[in-house]
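J.: Handing you a structure now.
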Amino acid sequence: MDLKGRNFVTLLDFTPEEIDYLLDLAATLKKEKKEGKAHRHLEGKNIVLLFQKDSTRTRCAFEVGALDLGMGVTYLGPSGSQMGKKESVKDTARVLGRMYDGIEFRGYLHTDVEQLAGHAGVPVWNGLTDMYHPTQILADFLTVKETFGKLKGIKFSYIGDARNNMGNSLMIGSAKMGLHFTAVAPRELWPEESLVEHCKEIAKETGATITLTDDKIKGTKNADVIYTDVWVSMGEPKDVWHSRIKQLSDYQVDTALMHNAGDKAIFMHCLPAFHGSDTEIGMQIANDFKEEHPRVKNGEMEVTDEVIESPQSVVFEEAENRMHTIKAVMLATMGKAYE
Ligand code: CP
Ligand code: NVA
């Protein structure tokens, strides 16, 4: 398998075999790291991280992953570069591509990361756009594989805002890797029909199934994985909280919902999560809406504190796996095949 020189913009560009290869490579790199075995295979190379939106996991995963591989890293934050203000994305790509050996981008428009990828001349990795979050799916699937020993045939229920970057990307990943994916959400928050149809086509080849439902009991019954994400994503206006809480408070992941899935089910979330009173935004929203929607009264939004702190929750393993999987993406696209 040789992925050298490839961009990592959406999982749609990758075959199931290539995704499997990246997951296996991540598992090898994880094992080596745990054993204290160095893997500085990209010594002398440099990468740049371009963030138009904030991040904890993605930024740190790229930085630690790059340092472990022996590379230098530059971070350009939401206000730290000329891009989009005094300089076009296309020009930025051509400048950075002459200085760096790889470029990570997190931002709003998916067309921006496509443009970077089209003009940089070095691998470009999507660290999240409004449409997709593909590196997250690799971490999620590595975690599922570690838990169940397989991906094929896993019953994967994603509940919440099913047409955001996470809903879209998990559906694509599931279609590619043969999972039984169910999006559980009110109809107006289902993924775009054209993407659903595309995923159903892919699913015909892989044995995956794609189901959309607004019935949270049927949609999560006997699931292996219950997955949720924030109800309002980065970049959405603050005033959508009102309608989103109204649409989704009934779809909060609580202990009853986990019971409906069953004892062997795991709980997953890409994080950050609103699950208690200790975040500024969570409490502000809770105070604004607790009378109308009592479920959110303690700053618990998409998931209760009880569920995220329960033994069924694997969210921190999942977060750690961001680093191992992102490292695998960088090594595979910048280096040569890893024996
Ligand atoms: N899951 C994820 O992408 O987290 P960050 O926003 O912290 O990078
Ligand atoms: N849907 C979320 C994912 C965060 C990792 C967002 O875009 O804010």
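Here, each number is a calculation from the coordinates, and none is a lab measurement. Nothing here was measured: the structure is a model prediction, and the numbers come from that model. All Cβ positions, even for glycine, are placed from backbone atoms using ideal geometry, and neighbour counts span all protein chains on display.
J.: Angle check, please: helix 315-334 long axis (alpha carbons) against the longest principal axis of the chain (alpha carbons), in degrees 0 to 90, nearest 10.
T.: On a 0 to 90 degree scale, this one is about 30.
J.: What dipole magnitude, in Debye to the nearest 20, does the chain give about its Cα centre under +1 on Lys/Arg Cβ and -1 on Asp/Glu Cβ?
T.: So the dipole magnitude of the chain works out to roughly 780 debye.
J.: For Leu67 and Glu292, what is the calculated FRET efficiency with R₀ set at 45 Å and r taken between the beta-carbons, to the nearest 0.05?
T.: It comes to 0.45.
J.: Farthest toward the dipole's positive end in the chain, which of Ala265, Phe14, Ser249, given Cβ charges of +1 (Lys, Arg) and -1 (Asp, Glu) about the Cα centre?
T.: Going by the Cα projections, it comes out as Phe14.
J.: Summing -39500 (n - 2.57) over the DSSP H runs of n ≥ 4 in the chain and dividing by its residue number, what mean residue ellipticity at 222 nm do you reach, to the nearest 500 deg cm²/dmol?
T.: Calculated from helices alone, the mean residue ellipticity at 222 nm is -13500 deg cm²/dmol.
J.: Could you list, in their original order, any pairs among Lys33/Lys336; Lys31/Lys336; Lys150/Lys200; Lys155/Lys336; Lys152/Lys264; Lys264/Lys290 whose Cα atoms are separated by more than 23 Å?
T.: Lys155/Lys336; Lys264/Lys290
J.: State the volume of the convex hull built on the alpha-carbon positions of the chain, expressed per residue in Å³ and rounded to an integer.
T.: Measuring per residue, one finds 131 Å³ for the Cα hull of the chain.
J.: Right, here's the next one. Residues of the stretch 303-323 with the amide nitrogen closer than 12 Å to a label point 7 Å from the Cα of His39, along Cα-to-Cβ, please.
T.: 323
J.: Evaluate the relative contact order of the stretch 163-208 (contact order divided by residue number), counting alpha-carbon pairs under 8 angstrom at least 6 apart; express in whole percent.
T.: Relative contact order of the stretch 163-208: 54 percent.
J.: Please order Lys204, Lys90 by the number of other Cβ within 10 Å, starting at the fewest.
T.: The fewest-first ordering by Cβ neighbours comes to Lys204, Lys90.
J.: Using Cβ counts within 10 Å as a stand-in for footprinting exposure, how do Tyr132, Tyr75 rank, fewest first?
T.: Starting with the residue having the fewest Cβ neighbours, the order is Tyr75, Tyr132.
J.: Right, another one. Once you keep just the Cα pairs under 8 angstrom separated by 6 or more residues, what percentage relative contact order results for the stretch 162-320?
T.: Once divided by the residue count of the stretch 162-320, the mean separation gives 21 percent.
J.: Starting from the Cα-Cα distance between Asp13 and Lys90, subtract it from 0.36 nm times their residue separation and give me the gain in nm to one decimal.
T.: 25.6 nm
J.: Quick one: if you stick a label point 7 Å off each Cα along the C-beta vector at Thr74 and Cys60, how many nm between them?
T.: 2.5 nm
J.: Give the value in nm², to one decimal: projected area of the alpha carbon convex hull of the stretch 1-125, averaged over all directions.
T.: For the stretch 1-125, averaging the hull's shadow over all directions gives 7.9 nm².
J.: In addition: Report the Rg/Rh value for the stretch 86-198, based on alpha-carbon coordinates and the Kirkwood definition of Rh.
T.: 1.06
J.: For the chain, find the longest principal axis of its Cα atoms and tell me its angle to the long axis of helix 280-289, 0 to 90°, nearest 10.
T.: So the inclination is approximately 30 degrees.
J.: While we're looking at this one, here's another question. From a point 7 Å beyond the Cα of Glu197 in the direction of its Cβ, which residues of the stretch 3-46 have a backbone N at a distance under 18 Å?
T.: none
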